[in-house]
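Just so you know, all these numbers are worked out from the coordinates, no wet-lab data involved. Treat the numbers as computed from the prediction; the structure is a model and nothing was measured. Cβ atoms come from the backbone with ideal geometry, glycine included; neighbour counts cover every protein chain shown.
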């Protein structure tokens, strides 16, 4: 591991942390950071405050240089005008990393950009790496460390997983980790890149590519400072690990918004699309799409191909879903003669339609186990690469699917014909069985098309 990657290891796994700008005032970020780190069980937290000697049961210090212990990582919550001097103090202290929470730098114009450059230069001279400014920070459950807002305000797991996230939007990575950890998905690490005065998305891409804990990479990006290096890294990493990216700023108004958000130059839509395709990057265009794709990649094996079989009890939905599959680049699997024979024996002649999609309609009212039995027959068909079940939310039907999933070897996604807020128990039940369950068939088809697309890329 080279020096840059070793320095990132030190940031994600610090032995001690100082909150500069800590506070005991209710509702303040300074208090929230302290409470969150204490709740997570991080071992050594040193608050810095100009007056208070004690904060939430912890000794407080007037200046970072007053702390009589080594400090690996500092979080700066100070005003922009004070930040540069405090970075100099951190350099004298011999820190390994700094997270600058404070905004109001490069995204505000040339003067702020100049201060960012001074901060980066000062830190680099001392071998310190900087995340930010304008960053919500990091989440590393194995270190019992989070500075992301949702993790600080609520209980967030310290159980590690395989997903590495890096983002130009702090709120994106904040809510993503909070929502998906509640759904059972576990992260290795996550980081809000901020304005990237020093460490950038390219550095985090390289780090996650080599990180043994990280198996899936997800990101929201607005612009890249080292486009060629990013492309070369992504092309190599994609051979082993899927990279799912939502690229913001693809339109002219979006690019202007990106400039005011993080100071990023977004670039041409055509160039990005071509680069993503050549590098094997899974491209998405919304928060929902990135969540759906992550859900599928996290839960399912890669398919052998793009031939899909659909099982549903809703005839009209079958027709529309077939359209969606074709438009997404999938193929409706041509069922073998043996499969047709087995389905003919299994399904009653009234209220069903044998084929692909398989319409088991009225029959499920009296025999909900037909979902699972139909899926098992389709799973055995060599012409089928992946499965989609569209079901009503009755427990008998979802139980049938969950039981069948235990013996099914091919990727299986499920859509409930009900909104999540109306049938939360059934969504939760399927998620607990490690079955990706989505609220809309079109969304499920999109995610399955992306896993098929990535499988084709891996095969060369």
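Okay, here's what the table says:
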read-out	value
Percent RCO, i.e. relative contact order, over the chain, from Cα pairs under 8 Å lying at least 6 residues apart	10
Cα-based helix-to-principal-axis angle, 269-279 vs the chain, degrees rounded to 10	70
Difference of contour (0.36 nm per residue) and Cα-Cα distance, residue 159 to residue 175	4.0 nm
Segment 176-249 versus segment 105-132: alpha-carbon centroid distance in Å	22
Folded to 0 to 90 degrees: helix 201-210 orientation relative to the chain principal axis, Cα	60
Förster radius 45 Å - calculated FRET efficiency between residue 183 and residue 366, Cβ distance, rounded to 0.05	0.85
Segment 186-226: radius of gyration and largest Cα-Cα distance (Dmax), Å	10.4, 29
Burial ordering of 81, 380, fewest other beta-carbon atoms within 10 Å first	81, 380
Proxy reagent accessibility, fewest Cβ within 10 Å first, across 153, 32, 386	153, 32, 386
Residue-span extension gain [residue 288 to residue 84] - 0.36 nm each, minus C-alpha spacing	69.6 nm
Computed P(r) (all Cα pairs; segment 301-458; 10 Å bins; percent)	12, 45, 37, 6, 0
Translational D in µm²/s for segment 320-401 (Stokes-Einstein at 37 °C, 0.692 mPa s, Kirkwood Rh from C-alpha pairs)	248
Relative contact order [Cα under 8 Å, 6+ residues apart], segment 301-458, whole percent	29
Sites residue 62 and residue 24 - FRET efficiency at Förster radius 25 Å, r taken between beta-carbons, to 0.05	0.95
Residues 186, 51 arranged by fewest to most Cβ contacts within 10 Å	51, 186
D (Stokes-Einstein, µm²/s), Kirkwood Cα radius, segment 368-458, 0.890 mPa s at 25 °C	184
Calculated FRET efficiency for the pair residue 326/residue 121, C-beta based, R₀ 60 Å, to 0.05	0.65
Projected label distance in nm at residue 9 and residue 228, using a 7 Å step from Cα toward the beta-carbon	3.0
For segment 301-458, share of DSSP beta bridges that run antiparallel, in % to the nearest 5	5
Computed helical MRE - 222 nm, the chain, DSSP H runs ≥ 4 contributing -39500 (n - 2.57), nearest 500	-13500 deg cm²/dmol
Bridge type composition, segment 3-296 - antiparallel percent by DSSP, nearest 5	15
On Cα atoms only, tilt of 29-40 relative to the major axis of the chain in degrees	60
